[in-house]
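The values are calculated or read from the model by the stated rules, or taken from the named source; none is laboratory data. Remember, predicted model here, so these are calculated numbers, not experimental data. Cβ placement follows ideal geometry from the backbone for every residue including glycine, while neighbour counts extend to all protein chains displayed. Keep in mind that these areas ignore ligands, DNA and RNA; they rest on the heavy atoms of the full protein, side chains included. Shrake-Rupley method; radii C 1.70, N 1.55, O 1.52, S 1.80 Å.
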2 protein chains.
Amino acid sequence: MSEPFDAVDVIRTKRDGGAVPEAKLRWLVDAYTRGYVADAQMSAFTMAVLLNGMERDEIRVLTDAMIASGERMSFDGLGKVTADKHSTGGVGDKITLPLAPLVAAYGVAVPQLSGRGLGHTGGTLDKLESIPGWRAALSNDEMLAQLRDVGAVVCAAGSGLAPADKKLYALRDVTGTVEAIPLIASSIMSKKIAEGTASLVLDVKFGSGAFMKDIDRARELARTMVELGTDSGVATTALLTDMTTPLGLAIGNANEVRESVEVLAGGGPSDVVELTLALAREMLRAAGVDEDPADALADGRAMDAWRRMIRAQDGDPDAALPTARETHVVRAERDGYVTTMDAFGVGIAAWRLGAGRARAEDPVVHAAGIDLAVKPGARVRAGDAILTMSADDPALFDRGLEALAGAIEIGDTAPESAPIVRERITA
Amino acid sequence: MSEPFDAVDVIRTKRDGGAVPEAKLRWLVDAYTRGYVADAQMSAFTMAVLLNGMERDEIRVLTDAMIASGERMSFDGLGKVTADKHSTGGVGDKITLPLAPLVAAYGVAVPQLSGRGLGHTGGTLDKLESIPGWRAALSNDEMLAQLRDVGAVVCAAGSGLAPADKKLYALRDVTGTVEAIPLIASSIMSKKIAEGTASLVLDVKFGSGAFMKDIDRARELARTMVELGTDSGVATTALLTDMTTPLGLAIGNANEVRESVEVLAGGGPSDVVELTLALAREMLRAAGVDEDPADALADGRAMDAWRRMIRAQDGDPDAALPTARETHVVRAERDGYVTTMDAFGVGIAAWRLGAGRARAEDPVVHAAGIDLAVKPGARVRAGDAILTMSADDPALFDRGLEALAGAIEIGDTAPESAPIVRERITA
């Protein structure tokens, strides 16, 4: 046997709380990608990582090894500064849609290699596919040309980036090791670094609708990713943002596009505007642009960039978006203040109505979803509309209502309001 | 899907430090044996067990589930009390050979379902196969008949006992999870309990030649197994015994049989006699026999039982045992006291000479091994023989000497002597 190391030896090092030396860690990732190291060995290793952690330098090496497993992109020949954003995902999180053209309006190239939704969180590509004609799959050349001409591109990530991460993520998914922060960080960052962006802003969410329910864990993930990006030469900052309540009023696909267009037109729900601007400020700052992103929302430049971005991918920005066959309004059962709209419950309800998928190969129903009439803090009277569910099949409303049970609470006093952006984390 | 539980859910429970409910744990073992739960899932679970432990009741359920995966034997119709012994394995550990006939001489049935050696520790079956004609494979009926007629039987464990353990052990071996005490305990005890013995004495070894180097870990394993046996209705005690020095003077196969016959003849090295008697006392006590086992060594009854036991399995107790073609004597380099004879080093040396095997399918050389001339505490002069290596191929002596480097130390003062049995652990 010509393998330089032994998988059991590497597993034991991590199991016993040690740091795996760089050469061994690089070998492990490579040998796993080649199939020499078995799934059973890698899952024992990932469980040991979950329980014993990884040092900062191990995380950097792991990430670099995953990047080395595939191709690297480069925006060097673009003649523009690039700025990228990544969100850990939430309910009603359509921020990429207004954000990418907004930042592009300032001459910054914004490559947004995105994914599809799975479970209760939506996917940016699913949302944009509500727009007639729009296509997610671009060649690398098409993507670069669009970045040059339009500045903003949202498209499917090629399968060539960090294939080791793809294999490892599929394994973690079935072995209870998704939640390991070093592995989450390296999974996200390996793809972002391989993309070749100069700077990156992370929207790390906490709360019921987020992957990390707990703010402390979210902070740890944010810090780990900021360190990792910095160690890998990408200017990285993170915002820690609240995902206990859905973002905006629209949760679905077509309705989230509609809401995004409202924001680009200078309107839209205040939380969506607030988070879009906070992230845009980070991206502009990283790109060395000293301007206020609110201006481009107000004067139409962001909307122009949006329309160019959609058209460049064969979408019609003026086409009517799909609407669902049936709607069902949920009304307040009593007078009072809306105190809670649980993001997880609302996300599950929208998913069940058809907005999301249970398996990667399932389609989504673009017109299905939930439109909130109010947000926490609103004063309502019994009988007032709280939200509208939309679905093609009215039989799904009962399943949506089940998911909503307990998710929406009305009390006697208004809840305290908190800013959506809680912390900013820098290297 | 008709599976009642989800493997990821079970893994998460253990990962997060919880106790897995009985029904889920039973399902996990059954589903893994069936192949529904994947190796990668089971290895993540075993790593979580290694790092987070298992409660006493979980260990009992796990063990019972492994027993339920296969057949159970019963000695109920035997008309004799049964007493079993298990050793965690060491260097020069031939105790089963004199012990089984010794205890059988008192009318107790002693079923010793044994294994073969792997790595630096020998296997009882390999040792007995040094005897011309002797066969390890018996049918269940043959085994029961021999227990009835002779009282003692040492034979290969059928593959029908605890097949889940076999599959799980092979997985642990390649995933760095062998060392989990709950899993070691359930692996050993599932087979012992499935065998159907009424009582069990465990010889749990610590020190360089043992699986557990550390006495505290060995004690934890002993306690875990005693609790588990007790919880499963088998009267179980354990002796914690020293394996820092090889047991007796012979390390190999044929030479260990020779040494065992010396013990049965009333002679033999004092440590082998001491441990044989200590274990025999435990087994007789558990069987309700109030007699001194030293008597049967002195008056020849144990030797008679040995001869009957060997003959019953077609062995010739009077046949000459094989001898090696070549020998090499290692001599003292200085005057002084032997202070150290490291069991691990001596065990590796004997293994390299051919007494052990590296892969399960390799043969052993029955005549190969090491015969010690002295033990720690002995006074030697430069040039005195310390040990003799035996092998068919003299080229192996250099490899044996390499393994012995640093294993034997001679100092100016005699080392303190310690009893071989350090603790007795009961429920």
Exam field: A:Ala360 pseudo-label spacings to other copies (7 Å along Cα-Cβ), nanometres: 3.4
Convex hull volume of the Cα atoms in the range B:96-153, per residue, in Å³? 84
Which lysines, on any chain, are close to B:Lys14 with Cα under 23 Å apart, when same-chain ones fewer than 8 places away are left out? A:Lys14, A:Lys213, B:Lys24, B:Lys166, B:Lys167
Sum -39500 (n - 2.57) across every DSSP H segment of at least 4 residues in the protein assembly as shown, then divide by the residue count to get the 222 nm mean residue ellipticity, nearest 500. -13000 deg cm²/dmol
Shortest first, in nm, what separates the label point of B:Ser270 from those of the same position in the other copies (7 Å along Cα→Cβ)? 9.0
Computed over the Cα atoms of the range B:7-53, what is the convex hull's projected area averaged over all directions, in nm²? 2.8
Of the heavy-atom accessible surface of the range A:76-312 (probe 1.4 angstrom), what whole percent is carbon and sulfur? 51
Mean accessible area per residue over chain A (1.4 angstrom probe, all protein chains present, square angstrom) is 38
Among DSSP bridges having both ends in chain B, what percentage is antiparallel? Round to the nearest 5. 55
Would you list the P(r) distribution for the protein assembly as shown, with all Cα-Cα distances sorted into 10 Å bins from 0 and each bin expressed as a whole %? 2, 11, 17, 18, 14, 10, 9, 9, 6, 2, 0
Rounded to a whole number, what is D in µm²/s for chain B from Stokes-Einstein with the Kirkwood radius over alpha-carbon pairs (20 °C, 1.002 mPa s)? 96
Percent antiparallel among DSSP beta bridges with both residues in the protein assembly as shown, to the nearest 5? 55
Debye-sum result for the range A:35-120 in log10 I(q)/I(0), which assumes one identical scatterer on each alpha carbon, at q = 0.21 Å⁻¹: -1.13
Pairwise centroid distance, computed over Cα atoms, of the range B:1-59 with the range B:79-139, Å: 34
For the range B:326-411, just the Cα set please: Rg and Dmax, both in angstrom. 13.1, 43
Run the label-point distances for B:Asp316 please: 7 Å along Cα to Cβ, every other copy, nanometres, shortest first. 9.9
Using only C-alpha positions, report the orientation-averaged shadow area of the convex hull of the range A:76-312, nm², one decimal. 11.6
Which GluC sites (Glu not before Pro) does the range A:244-313 hold that lie in a coil by DSSP with at most 15 other beta carbons within 10 Å? A:Glu291
So which residues in the range A:33-68 end up with at least 20 square angstrom less accessible surface once the other protein chains are there, compared with the chain by itself, probe 1.4 angstrom? A:Ala40, A:Gln41, A:Ser43, A:Ala44, A:Met47, A:Leu51
Total accessible area buried between chains B and A, 1.4 Å probe, in Å² to the nearest 100? 1600
